[in-house]
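One structure is given here, and the rest of the page talks about it.
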Amino acid sequence: MNEITAIIQPHTLAKTMQALRELPSFPGVTLLDVHGQGHGLGDGGAFTPTEDSFAFHKKTLLLINCESQLTQLIVEAIARSAHTGNKGDGIITVKDVNKTIRIRTGESSEPAL
């Protein structure tokens, strides 16, 4: 089992969700509105922190837990649909999940997905 975390531009969410729903076995997604800063230094190549200088960018965070064999399909769908070619398109990470429990039924591991 894997957990896929994707940080994408909010305006690419509809296209990304359409791509995910077109997959043969899409397990579902949790969405969060988030704010953040990439690794760049900003305009002019320098950053001097002040109380008012922290301008974070709006992003959308997708959390997806899936069976291992679906991971690559989901990652490719997100990468393809969220790509604009501009700075700030986002990132995708994949982590191993040791255990999952469905609260309603008590099922665990892959049946819980």
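The values are calculated or read from the model by the stated rules, or taken from the named source; none is laboratory data. Note that the structure is predicted; figures quoted are calculated from it, not measured. Here Cβ is always computed from backbone atoms with ideal geometry, including for glycine, and neighbour counts include all displayed protein chains. Ligands, DNA and RNA are stripped out before the accessible areas are found, and what is left, the full protein with its side chains, is counted by its heavy atoms. Shrake-Rupley method; radii C 1.70, N 1.55, O 1.52, S 1.80 Å.
Return the residue satisfying two criteria in turn: it lies in the stretch 89-101 and is within 13 Å of the chain's Cα centre (by Cα) and more than 15 Å from residue 19 (Cβ to Cβ), and of such residues it is least open to solvent (accessible area, probe 1.4 Å).
If we take residues in the stretch 89-101 being within 13 Å of the chain's Cα centre (by Cα) and more than 15 Å from residue 19 (Cβ to Cβ), then 93 is least open to solvent (accessible area, probe 1.4 Å).
Could you check the stretch 102-113 and list, in sequence order, the residues that are over 20 Å from the mean Cα position of the chain (by Cα) and in a loop (DSSP other than H, G, I, E, B)?
102, 103, 104, 105, 106, 107, 109
Out of all the residues in the stretch 12-32, which are closer than 25 Å to residue 85 by Cβ, within 13 Å of the chain's Cα centre (by Cα) and assigned to a loop (DSSP other than H, G, I, E, B)?
Of everything in the stretch 12-32, just one residue is closer than 25 Å to residue 85 by Cβ, within 13 Å of the chain's Cα centre (by Cα) and assigned to a loop (DSSP other than H, G, I, E, B), namely 29.
Does at least one position in the stretch 28-47 carry a residue that is at pLDDT below 95, in contact with a Leu (Cβ under 7 Å, 6 or more places away or on another chain), open to solvent by less than 70 Å² (accessible area, probe 1.4 Å) and not aromatic (Phe, Trp, Tyr)?
No - not one qualifying residue is present in the stretch 28-47.
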